[in-house]
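Data block below; observations after.
The values are calculated or read from the model by the stated rules, or taken from the named source; none is laboratory data. Being a predicted model, the structure only gives us computed values, none of them experimental. Cβ atoms come from the backbone with ideal geometry, glycine included; neighbour counts cover every protein chain shown. Areas reflect the complete protein model, heavy atoms only, side chains present, ligands, DNA and RNA absent. Shrake-Rupley method; radii C 1.70, N 1.55, O 1.52, S 1.80 Å.
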Amino acid sequence: SVEASCGLGLADGIVDLVETGTTMRAAGLEEVSTIMKTQCVLIANKSTSHPELVETIRKRIAGYLTATKYVMVTYNIHRSSLERAKNITPGKKSPSIMPLERGDWVAVSALVLKKSASTVMDELENVGATDILLTSIVNSRMGD
């Protein structure tokens, strides 16, 4: 890879496309300057003979992007505190609520933004939620 050229003494510096910088740092390099920010886009020919394939690719990309923004929070809560908890975790459409064997308790699952997940956990605990778990989402299909 191009990162090795500095370590081998073949280059004083390199220009490279970097997504996370993991490989660059592993090679003992550091970013000196950002030359430009880029983006990746899906462009479809209006006359494509494969519209289903283009739509499948679009859904896969959208699902991955959604998965990178959200985590699933799951918790148990007494029914008397459910409305307060639902205000904290409304989900994308609504939370999933399942009765527990212990009749006065329910299990709730909802999507929350990854960047606010720690605060959500604190707020849930404050309203009486227990067994609060965060689960990473690898990919998704949210109907978008």
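Against the list (1) in contact (Cβ under 8 Å) with a residue 24 or more places away in the chain; (2) over 23 Å from ARG141 (Cα atoms), the condition ASP122 fails is (1). Would you check if there is a residue in region 45-59 being modelled with pLDDT of 90 or more, in contact with a Lys or Arg (Cβ under 9 Å, 6 or more places away or on another chain), within 14 Å of ASN139 (Cβ to Cβ) and surrounded by 13 or more Cβ atoms within 10 Å (Cβ to Cβ)? There is at least one residue in region 45-59 that is modelled with pLDDT of 90 or more, in contact with a Lys or Arg (Cβ under 9 Å, 6 or more places away or on another chain), within 14 Å of ASN139 (Cβ to Cβ) and surrounded by 13 or more Cβ atoms within 10 Å (Cβ to Cβ). Whether any residue in region 82-93 is open to solvent by less than 80 Å² (accessible area, probe 1.4 Å) and touching a Lys or Arg at 6+ places or on another chain (Cβ under 6 Å) is what I want to check. Taking every residue of region 82-93 in turn, none turns out to be open to solvent by less than 80 Å² (accessible area, probe 1.4 Å) and touching a Lys or Arg at 6+ places or on another chain (Cβ under 6 Å). For region 1-116, please list each of the helices (runs of 4 or more DSSP H) lying entirely inside it that holds at least 3 residues being out of contact with any strand residue (DSSP E or B) (no Cβ under 7 Å at 6 or more places or on another chain), without any contact (Cβ under 8 Å) to a residue 40 or more places away in the chain and at positive phi. Once the helices (runs of 4 or more DSSP H) in region 1-116 are filtered for at least 3 residues that are out of contact with any strand residue (DSSP E or B) (no Cβ under 7 Å at 6 or more places or on another chain), without any contact (Cβ under 8 Å) to a residue 40 or more places away in the chain and at positive phi, nothing remains.
Filtering GLY21, GLY28 for residues that are within 22 Å of LEU8 (Cβ to Cβ) and loosely packed, with under 10 Cβ neighbours inside 10 Å leaves a single hit, GLY28.
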